[in-house]
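Please read the structure below before turning to the comments.
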Amino acid sequence: MLKEQEINLVSLVDRFHDEDACRKYMEELRWPDGAKCPRCGSDKLSRIKKRSQFDCDSCRYQFSVTAGTIFHDTHLPLWKWFLAVYLIVESKKGVSANQLKRTIGVSYKTAWYLSHRIRAALKEVDAQLLKGIVEVDETFVGGEVEGKGRGYKGNKTVVVGAMQRGGNICLQVVRGTDRETLHGFIRQNTAGDTEAIYTDEWPAYRGIADEDTKHEAVKHRDKEWSRGDVHTNSIENVWSLLKRSIVGSYHQVSAKHLDAYLDELEFRFNNRENPYMFRDALCKLLVANNLPYAKLIADS
Ligand SMILES: [Zn+2]
């Protein structure tokens with residue numbers, strides 16, 4: 001494989017300005033040990049140059065590097081996919097479908113569908129459990145209803161989040177802020193021997209401690225924001241990032257699609273120090289399941 005280089009917008013456009021360059025890169029990512037037939041696994045292949053395809057000498061299957069991937073049959077040039085992936089993973093606050101539409105020159109519908117497919121592919125499937133010191137907090141996302149005041153939560157969606165100090169985050173839409181939901185979220189996403197869970201004083205968090213995990217709460221109501229190293233500032237910074245990206249880039253996010261936006265934010269945040277984020281995102285897209293348009297727009 002080529003020595004990996006860090007990508008910026010200039011080198012991206014320079015390096016992947018045509019289909020052949022994109023295909024060649026995808027071949028390296030998909031088959032680091034050389035191309036194999038997706039049908040029979042044979043590596044005895046002939047290259048059909050002019051159609052950028054392979055012909056399997058064993059089973060005669062003809063395929064290209066996009067066969068069986070979400071890139072196949074999209075009628076969208078690979079370089080536009082590459083650019084969209086880059087813009088989505090490299091912009092701190094994300095990219096709206098409208099912005100994507102203008103930047104890569106596609107219809108709104110194409111941009112919208114494209115960003116959803118990229119987002120779905122970035123979703124972490126077997127995320128590592130958080131450990132050490134973990135901050136947990138919940139927030140409400142959604143517009144205000146006229147005449148109801150800022151405190152009204154009837155049309156808001158609850159998001160709960162956890163962040164390992166100095167490490168990864170995990171965000172999820174949940175049905176409420178009750179004890180069962182919050183405890184369930186914490187148990188599912190943190191290691192059994194997590195050193196400490198830090199939260200605010202919300203009563204539903206009580207009882208989350210056990211013999212090897214302590215629980216400390218700051219009393220926001222009494223204007224206590226930190227007590228020694230006990231605070232929830234890191235996860236609260238994630239909430240402000242989330243809210244800035246919703247206000248700044250997406251304007252409004254339906255409750256239905258909020259989980260997908262959270263996955264995208266999670267990927268970006270958890271790869272914030274990864275210089276090969278673009279490459280790693282492409283690798284995830286290469287193995288992602290397709291997300292049919294009909295499923296995306298279905299009601300539930
Ligand atoms: Zn074959």
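The values are calculated or read from the model by the stated rules, or taken from the named source; none is laboratory data. Model, not experiment: these values are computed from the prediction. Don't worry about glycine lacking a Cβ; one is built from the backbone with ideal geometry, like all the others, and counts go over all protein chains shown. Heavy atoms of the whole protein, side chains included, go into the accessibility calculation; ligands, DNA and RNA do not. Shrake-Rupley method; radii C 1.70, N 1.55, O 1.52, S 1.80 Å.
Annotations for the structure displayed:
- Counted residues, the stretch 88-102 - those being outside any loop (DSSP other than H, G, I, E, B), modelled with pLDDT under 95 and open to solvent by 30 Å² or more (accessible area, probe 1.4 Å): 3
- Hits in the stretch 20-64 - residues which are touching a helix residue (DSSP H, G or I) at 6+ places or on another chain (Cβ under 6 Å), touching a residue at least 40 places away in the same chain (Cβ under 8 Å) and more than 16 Å from the ligand (Cβ to nearest atom): Cys22, Leu29
- Of the helices (runs of 4 or more DSSP H) lying entirely inside the stretch 217-300, those containing at least 3 residues that are in contact with a Ser or Thr (Cβ under 9 Å, 6 or more places away or on another chain), open to solvent by 20 Å² or more (accessible area, probe 1.4 Å) and under 27 Å from Gly142 (Cα atoms) span 233-245, 255-270.
- Restricting attention to the stretch 1-19 and to residues that are part of a loop (DSSP other than H, G, I, E, B) and either surrounded by 16 or more Cβ atoms within 10 Å (Cβ to Cβ) or not acidic (Asp, Glu) (or both), the residue that is farthest from the ligand (Cβ to nearest atom) turns out to be Asn8.
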